[in-house]
Amino acid sequence: MRGSRFIDQTGSAGNVHLGDFAVIGEVTERVDSSPDNFVNGSLGPNSTVSGMWLQHLKVGLWLTGTNDNLVVENNRFLDMTADGLNLNGNARGVKVRNNFLRNQGDDALAMWSLNGPDVNSSFENNTISQPNLANGIAIYGGTDITVRNNLISDTNALGSGIAISNQKFLDPFHPLAGTITVDGNTLVRTGAMNPNWNHPMGALRVDSYDSAIEAQVRITNTTVTDSPYSAFEFVSGSGRGYAAKNITVDGATVNRAGTVVVQAETQGAATFRNVTATGVGSAGVYNCPYPSGSGTFAVTNGGGNSGWDSTWSDCSSWPQPGQGNPDPDPDRNLAQGRPATATGSQDVYTPARPSTETPTATGSRPTTPSRRPSRSTSAPGSRCAGWC
């Protein structure tokens, strides 16, 4: 069938089953105040969406209200002007699996815990290609969330392959809580430059944007291939320096990262085990928390790591793809005018670095424009286009 709207309702008794037909829309421009979505609102508990071909809409499924135990599987989401699917709060036990998404105009798959937390919900076994703005998969808050066995490729602008974030956009927001499981995902050519920040975003990003991350974040069995910049980024995207902590990265293969394996830009801590890297473009670790003096990011070697034992030596510059570490300036006094705590460098391994390296001033970083994306000016309940 042809049309830009199919279901637009705030509530449903549930047991709605949509399957095995196509909806081809005629949306050519994103208008956030217009619900040009296949589903806008609630399908009610114990519903299913399967075997659908959804194309040229604003959003495939923008889900609010009650959608407990919803299953969305074996669908195609093509050429949306915004998200492919967004669990917009209060989603409990929702499973989104085995879907194909290409050419979305915002996050391909997102959970956004607005008004109530998304709880015990999952994105599994999905294939995502070419999200043109923002992230392949984005988790904005929520409790006990799982992102497992997804293949994500070719992010284009202002996003990562996977983002685990406390960016709230609007209130009331429910931050990350419980255990966030990110397991078995493959990221190919993901991560992109963010012109609002004037620096790159990693293939997998953990972002304490509006509040510290207190949840247990478990990132396991990840493959990162040909990221144009870093593999793992830890940042407080608002520039306020909230801590990103309680993070474990266990089992990762990083092939040909353009700059670094770990891009740490805020205070916090992460433990890395069994992370192997080959073909790293610049250095193993960029560890320069911002703002200056906000704290340190502890990179703990849990064993089994290889191929990324060097640290970027100049926090006043961003590593460029394939650049390699800059030669130290023999006339530069890195300690002058700084406290003793500012002249150390977080490293990944316990053995000393080669004597040719110079300790870094981890508190400094280049002056850049405001890192905060502009807030949405659209109607209440809408969200700006990913990273605005």
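Brief remarks on what is shown
- Among the residues examined, Arg205 qualifies as in contact with an Asp or Glu (Cβ under 6 Å, 6 or more places away or on another chain) and basic (Lys, Arg).
- Residues within segment 261-281 that are among the hydroxyl-bearing types (Ser, Thr, Tyr) and crowded, with 24+ Cβ neighbours inside 10 Å, tallied: 1
- Segment 48-72, residues that are under 17 Å from Ala110 (Cβ atoms) and touching a Ser or Thr at 6+ places or on another chain (Cβ under 9 Å): Leu57, Lys58, Val59, Leu63, Thr64, Gly65, Asn67, Leu70, Val72
- Within segment 150-260, strands (runs of 3 or more DSSP E) holding 3 or more residues that are among the hydroxyl-bearing types (Ser, Thr, Tyr) and surrounded by fewer than 24 Cβ atoms within 10 Å (Cβ to Cβ): 216-225
- Among the conditions (1) of a type outside the set (S, T, N, Q); (2) at positive phi; (3) touching a strand residue (DSSP E or B) at 6+ places or on another chain (Cβ under 6 Å); (4) touching a residue at least 60 places away in the same chain (Cβ under 8 Å), Glu233 misses just one, which is (2).
- Within segment 108-134, residues that are at positive phi and in contact (Cβ under 8 Å) with a residue 40 or more places away in the chain sit with their Cβ atoms under 6 Å from residues that are crowded, with 20+ Cβ neighbours inside 10 Å and of a type in the set (Phe, Trp, Tyr), at 6+ positions apart or across chains, in these pairs: Ala134/Trp387.
- Which numbered condition Asn115 fails, given (1) more than 29 Å from Pro45 (Cα to Cα); (2) surrounded by fewer than 24 Cβ atoms within 10 Å (Cβ to Cβ); (3) among the polar types (S, T, N, Q); (4) out of contact with any strand residue (DSSP E or B) (no Cβ under 6 Å at 6 or more places or on another chain): (1)
- When the test is whether a residue is over 21 Å from Val147 (Cβ atoms) and out of contact with any Pro (no Cβ under 9 Å at 6 or more places or on another chain), Thr248 does not pass it.
- Matching option when the condition is over 22 Å from the mean Cα position of the chain (by Cα) and β-branched (Val, Ile, Thr), among Val71, Val94: Val71
Values in this text are rule-based calculations from the coordinates and carry no lab data. Because the structure is a prediction, the values reported are computed rather than measured. Backbone-built Cβ (ideal geometry, glycine too); neighbour counts: all protein chains shown.
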